[in-house]
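Below: one structure, written as structure tokens.
The values are calculated or read from the model by the stated rules, or taken from the named source; none is laboratory data. Keep in mind it's a predicted model, so treat the numbers as computed, not measured. Here the Cβ is made from the backbone with ideal geometry for all residues, glycine too, and neighbour counts use every protein chain on show.
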Amino acid sequence: TIAQVRGRRVWDSRGRPTVEVEVTLKCGVSGRAIAPAGASMGTGEAVDLRDGGDAFGGLDVNNALAGVNGEIASELRSMDAYAQSEVDTRLVQLDGTPNRSRLGGNAIVATSMAVLHAAAAASGQPLWRYLAGDGPVRTPLPEIQIFGGGAHAARRVDVQDFMVMCPAAANFGEALEWTAEVYRAAGALMKQAGRLQGVADEGGYWPAFDTNEEALETLTRAISDAGLRPGKDVGISLDIAASEFGCDGRYTLALDGRTLDTAQMIDMLGRWLDAYPILSIEDPLAEDDAAGFRQFTEMYGSRCQIIGDDFLVTNAERVKAAASAGALNAVLIKPNQAGTISEAHAALTAGKQAGFGTIVSARSGETEDVTIAHLAVGWNAGQLKVGSFSRSERMAKWNEVLRIEESLGRQALFSGWTALPFHGR
Ligand code: PGA
Ligand code: ZN
């Protein structure tokens with residue numbers, strides 16, 4: 001039974017204020033979680049409550065904390081922490097807006113996750129095991145950023161994430177080893193070319209490239225330099241985040257100033273798919289380009305994972321609609337985009353029922369909170385996207401999955417190729 005809910009201000013990986021919530025149960029056990037924050041957000045997602053004004057660029061969270069310590073705390077007191085969906089329904093009803101704007105997506109998601117942690121702690125199990133019950137678990141295929149871009153790197157290149165996936169690795173630990181070698185090799189190539197200029201928001205190298213293609217060439221080269229086979233051992237995964245530079249069927253590329261229509265965007269991405277070992281593309285088109293998504297999926301869905309982030313915003317109804325329209329074959333699951341743990345889980349379930357790939361994902365603004373590592377394993381999501389292979393807010397999640405994999409011991413099964421909706425090769 002929930003005895004106390006307490007909110008406090010902590011700071012995220014961009015040095016911005018965010019909400020931490022601590023839930024204490026009558027038995028004395030407690031759970032804690034921190035809200036992450038996005039930079040390239042879909043218009044359909046839950047919105048954070050920020051104070052505005054001068055302090056910290058208007059991003060302070062005193063109003064969100066007041067809601068946690070006031071209304072939310074009194075509403076949840078005496079509720080059963082094991083009844084996650086009832087708690088989440090209560091939070092949604094208490095807020096009363098379609099996008100969580102009154103109490104704040106940040107206040108609500110941190111509370112929802114803290115209740116989950118408290119319940120797991122009360123059950124005496126690690127969170128991933130509490131979620132999985134007796135069901136099957138696999139460690140996720142990680143999607144790891146090597147170069148940042150887009151809104152996470154001052155639009156230095158158009159593409160937001162240049163990532164790798166290691167589906168041929170024997171286990172999660174080996175996937176990290178391979179990624180570490182690729183990350184090192186990419187750094188060496190950047191240094192050689194006089195282009196090493198630090199890292200972007202999620203820890204990938206700053207994309208000092210003249211074209212998107214140059215980044216793709218360099219990444220492919222880094223995979224071979226690491227002694228791995230591009231497309232066989234290690235593939236490329238891109239987040240185009242096209243809503244950031246496209247709407248109404250027009251896409252304006254920052255690098256060369258060209259404006260493309262939907263057909264030309266699809267054409268360009270198709271050429272990339274032919275030229276580079278790409279296994280996955282997220283948000284290839286803007287969130288308002290439903291027809292484009294259908295066309296792209298029809299053309300390339302049998303050989304490439306096509307993930308909806310801004311287009312689906314972790315919403316079960318949108319996932320079902322996309323599946324029945326033949327748009328996309330994978331869904332990104334960001335708990336703070338949905339608002340609560342139960343809504344995020346519903347979107348994941350809808351994705352699985354549609355045969356979609358499901359990827360639990362961090363945000364560009366993160367913290368030491370490792371909840372998503374547990375969700376990826378406990379929900380048997382198959383894939384996990386956390387950003388790059390540097391900066392401790394990223395490494396904390398990868399390292400947590402290593403611990404989980406170790407505790408699974410010989411039973412540990414790695415998702416690998418099976419996580420991809422086109423069934424790999
Ligand atoms: P965000 O971006 O967390 O900055 O919104 C991450 C993504 O687009 O996947
Ligand atoms: Zn995205």
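Assorted remarks:
- Options LEU384, LEU402: the member that is out of contact with any Leu (no Cβ under 6 Å at 6 or more places or on another chain), surrounded by fewer than 24 Cβ atoms within 10 Å (Cβ to Cβ), in contact (Cβ under 8 Å) with a residue 40 or more places away in the chain and aliphatic (A, V, I, L, M): LEU402
- Evaluation of MET190 against (1) farther than 18 Å from LEU219 by Cβ; (2) more than 16 Å from ligand 1 (Cβ to nearest atom); (3) in contact with a helix residue (DSSP H, G or I) (Cβ under 9 Å, 6 or more places away or on another chain) (one fails), failing number: (1)
- Just so you know, in region 319-349 the residues that are of a type outside the set (Gly, Ala, Ser) and touching a residue at least 60 places away in the same chain (Cβ under 8 Å) include one that is nearest to ARG303 (Cα to Cα), and it is ASN329.
- Being closer than 30 Å to GLN84 by Cβ and within 14 Å of ligand 2 (Cβ to nearest atom) is a description that applies to ALA330.
- Looking only at residues in region 285-305 that are in contact (Cβ under 8 Å) with a residue 60 or more places away in the chain and within 20 Å of the chain's Cα centre (by Cα), the one that is nearest to ligand 1 (Cβ to nearest atom) is GLU287.
- Residues that are in contact with a strand residue (DSSP E or B) (Cβ under 6 Å, 6 or more places away or on another chain) and either at pLDDT below 95 or polar (S, T, N, Q) (or both) were ranked within region 271-306; the one that is nearest to ligand 2 (Cβ to nearest atom) is SER280.
- Candidates ALA322, ALA344, filtered to the one that is at pLDDT 95 or above and farther than 24 Å from GLU393 by Cα: ALA322
- Helices (runs of 4 or more DSSP H) within region 322-417 that include 1 or more residues within 14 Å of ligand 1 (Cβ to nearest atom): 335-338, 371-378, 392-408
- If you go through region 307-321 and keep only what is in a helix (DSSP H, G or I) and touching a strand residue (DSSP E or B) at 6+ places or on another chain (Cβ under 7 Å), you end up with just VAL319.
- Test for GLU282: is it farther than 26 Å from LYS232 by Cα, in contact (Cβ under 8 Å) with a residue 40 or more places away in the chain and crowded, with 18+ Cβ neighbours inside 10 Å: no
- In region 20-48, the residue that is nearest to VAL386 (Cα to Cα) out of those that are away from ligand 1 (no atom under 16 Å from the Cβ) and buried (at least 21 other Cβ atoms within 10 Å of the Cβ) is ALA33.
- Flag set for GLY44, criterion: within 24 Å of the chain's Cα centre (by Cα), under 28 Å from ASP309 (Cα atoms) and part of a loop (DSSP other than H, G, I, E, B).
- Taken together, ALA151, ALA110, ALA114, ALA119 contain a single residue that is closer than 30 Å to ARG410 by Cβ and either within 16 Å of ligand 2 (Cβ to nearest atom) or not in a loop (DSSP other than H, G, I, E, B) (or both), which is ALA119.
- Looking across region 65-86, just one residue is touching an Asp or Glu at 6+ places or on another chain (Cβ under 8 Å) and part of a helix (DSSP H, G or I), and that is GLU86.
- Cβ-Cβ distances below 7 Å connect the following pairs, each with a first residue in region 99-121 that is closer than 12 Å to GLY67 by Cα, a second residue that is in a helix (DSSP H, G or I) and of a type in the set (Gly, Ala, Ser), and a separation of six or more residues or different chains: LEU103/GLY67; GLY104/ALA64; GLY104/GLY67; ASN106/ALA64; ALA107/ALA64; ALA107/GLY67.
- Sub-8 Å Cβ pairs linking a first residue in region 33-50 that is under 13 Å from THR367 (Cβ atoms) to a second residue that is within 14 Å of ligand 2 (Cβ to nearest atom) and not in a loop (DSSP other than H, G, I, E, B), at least 6 apart or interchain, are ALA35/ASN336; PRO36/ASN336; PRO36/GLY365; ALA37/ASN336; ALA37/GLY365, ordered by first then second residue.
- Residues of region 154-172 satisfying the condition of being closer than 20 Å to ILE404 by Cα and within 16 Å of ligand 2 (Cβ to nearest atom): MET165
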